[in-house]
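Before any comments, here is the structure.
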Amino acid sequence: GTPASMSRFRGALVAAVLGDCVGGEFEGAEEVPMETVLQHLNGLEDETKGNCVLEYSDDTAMTRCVVQSLLNRSGYDQQDLARRFAKEYSASPGRGYGSGVIQVLKKLASPQLVDVYQPARDQFNGRGSFGNGGAMRAAPFALAFPNLPDVKRFACLGAMLTHSCSLGYNGAVLQAMAVHLSLQGALCLPQQFISRLITEMEEVEGEEEALRDARILKEAEKPFCERLHRVRDLMDRNKVSIEEVISELGNGIAALHSVPTAIFCVLHCLQPRDYLPESYGGLERTIAYSLALGGDTDTIACMAGAIAGAHYGVEAVPQRWMRCCEGAEDADMNAARLHALYHQT
Ligand code: 8NA
Ligand code: MG
Ligand code: MG
């Protein structure tokens with residue numbers, strides 16, 4: 001498709017929901033044989049299976065808040081978004097939220113709250129969360145703002161409502177940038193795509209807070225850059241085992257151990273792989289591969305889905321899979337509205 005086409009917007013938002021709903025089955029599992037993944041995905045083809053049988057989790061619940069807020073406010077409004085997160089959590093607390101973030105969501109509900117970023121700063125003895133909860137809901141920022149500086153700035157602020165550690169919010173910046181570039185067609189040149197992300201993150205992680213947080217947590221000087229270099233090394237290799245991907249990139253709930261992993265899943269699945277069905281297109285390969293890594297499967301598949309969906313477009317999303325996922329229809333409609341906002345601003 002052409003850069004920033006409607007199909008790419010719809011693909012990004014719908015495939016993110018799919019990744020979350022389909023990935024929920026394996027969340028937290030240590031080992032997920034590919035055979036089990038393919039069985040699960042085959043089951044979605046069953047005509048007798050009811051519509052929306054796979055429920056979405058916190059990833060989609062919070063993404064929907066971001067989408068609704070951006071649309072209703074025609075841009076980023078921290079008060080409005082904070083209120084929506086709090087309201088969504090109190091209406092459906094059982095969506096599988098991270099154990100720490102729940103405290104933030106409860107505090108955000110208080111009408112006395114003056115600074116909406118304060119509850120996030122109080123997390124983990126003032127260090128803030130480095131979980132992937134900011135990154136999992138970052139895609140809509142890339143679908144609302146056409147300019148990269150806006151995408152980076154608002155993805156960062158939107159994440160800081162719950163994640164004040166730079167290893168948390170910079171994961172959101174990276175994820176939003178990956179969706180932004182994919183939307184422009186940048187995945188047609190995978191080497192340039194990853195190089196561009198590294199260049200951008202060099203700057204982002206050169207900020208004082210980022211350097212300080214990395215030091216405190218005993219990570220590399222620029223942790224996301226280091227991981228992206230590993231992504232580049234892995235993509236240059238012909239054969240890579242699942243075990244190597246997990247040990248090099250991770251599959252956990254930290255943004256650092258999941259956002260570069262999601263990006264790798266997309267890049268690795270640009271070509272057919274002999275352990276994936278020949279009938280699968282790139283989007284199906286990406287989702288299947290993300291699930292086979294185990295760990296935080298719903299979130300890794302959700303983030304990989306958003307990036308891949310922006311590349312392949314909505315035509316690549318299997319209708320049968322979409323039918324099974326709660327919230328996929330809504331995502332499709334909202335993507336069209338975000339497309340209008342993006343092209344108007
Ligand atoms: P969060 O902010 O509670 O972070 C998630 C977890 O990361 C926390 O509960 C801590 O265990 C750990 N953590 C984060 N920051 C720190 C820190 N500074 N020091 C020590 N530990 C820290 O919630 P979130 O919104 O980031 O979480 C998102 C994830 O939780 C998503 O995967 C989502 O699907 C959900 N989830 C994941 C699992 C799983 O097993 N992978 C299970 C249920 C829910
Ligand atoms: Mg989840
Ligand atoms: Mg998860």
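Worth a mention:
- Wholly within segment 261-342, helices (runs of 4 or more DSSP H) carrying at least 1 residues that are without any contact (Cβ under 8 Å) to a residue 60 or more places away in the chain: 282-292, 319-324
- Taking the criterion of being among the small types (Gly, Ala, Ser), part of a helix (DSSP H, G or I) and in contact (Cβ under 8 Å) with a residue 24 or more places away in the chain, the residues of segment 201-258 that qualify are 210, 214, 255.
- Here is the figure for segment 97-118: residues that are assigned to a helix (DSSP H, G or I) and either closer than 20 Å to residue 59 by Cβ or touching a Gly at 6+ places or on another chain (Cβ under 8 Å) (or both) total 6.
- Residue that is surrounded by the fewest Cβ atoms within 10 Å (Cβ to Cβ), among those in segment 278-301 that are more than 15 Å from residue 268 (Cα to Cα) and of a type in the set (Ser, Thr, Tyr): 279
Okay, residues lined up against (1) within 16 Å of ligand 3 (Cβ to nearest atom); (2) over 24 Å from residue 102 (Cα atoms):
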| site | (1), (2) |
| --- | --- |
| 132 | yes, no |
| 135 | yes, no |
| 140 | no, no |
| 144 | no, yes |
| 147 | no, yes |
| 163 | yes, no |
| 166 | no, no |
| 171 | yes, no |
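- Residues that are within 16 Å of ligand 1 (Cβ to nearest atom), surrounded by fewer than 24 Cβ atoms within 10 Å (Cβ to Cβ) and charged (D, E, K, R) are absent from segment 150-159.
- Residues (charged (D, E, K, R), outside any helix (DSSP H, G or I) and within 16 Å of ligand 3 (Cβ to nearest atom)) located in segment 43-91: 55
- Across segment 6-29, not a single residue is classified as farther than 24 Å from residue 132 by Cβ and at pLDDT below 95.
- Residue 7 satisfies every condition listed in (1) assigned to a loop (DSSP other than H, G, I, E, B); (2) in contact with an Asp or Glu (Cβ under 7 Å, 6 or more places away or on another chain); (3) surrounded by fewer than 24 Cβ atoms within 10 Å (Cβ to Cβ) except (1).
- Qualifying positions in segment 243-301 - out of contact with any Ser or Thr (no Cβ under 6 Å at 6 or more places or on another chain), more than 16 Å from ligand 1 (Cβ to nearest atom), closer than 26 Å to residue 173 by Cβ and not β-branched (Val, Ile, Thr): 247, 248, 264, 267, 268, 270, 282, 283, 289
- Residue count for segment 213-228, restricted to those that are out of contact with any Asp or Glu (no Cβ under 9 Å at 6 or more places or on another chain) and either within 13 Å of residue 265 (Cα to Cα) or surrounded by 15 or more Cβ atoms within 10 Å (Cβ to Cβ) (or both): 2.
- Among the numbered conditions (1) surrounded by fewer than 17 Cβ atoms within 10 Å (Cβ to Cβ); (2) away from ligand 3 (no atom under 16 Å from the Cβ); (3) not polar (S, T, N, Q), the only one that residue 30 does not meet is (2).
- Restricted to segment 235-253, and to residues there that are buried (at least 20 other Cβ atoms within 10 Å of the Cβ) and within 12 Å of ligand 3 (Cβ to nearest atom), the residue that is farthest from residue 166 (Cα to Cα) is 251.
- Exactly one residue out of 184, 192 is polar (S, T, N, Q) and more than 19 Å from the chain's Cα centre (by Cα): that is 192.
- Hey, residue 236 among the acidic types (Asp, Glu) and within 25 Å of residue 126 (Cα to Cα) or not: no
- Residue 72 over 26 Å from residue 243 (Cβ atoms) and more than 20 Å from the chain's Cα centre (by Cα): yes
- Residue within segment 96-104 that is buried (at least 17 other Cβ atoms within 10 Å of the Cβ) and away from ligand 3 (no atom under 16 Å from the Cβ) present: yes
The values are calculated or read from the model by the stated rules, or taken from the named source; none is laboratory data. As the structure is a prediction and not an experimental result, all values here were calculated from the model. Cβ atoms come from the backbone with ideal geometry, glycine included; neighbour counts cover every protein chain shown.
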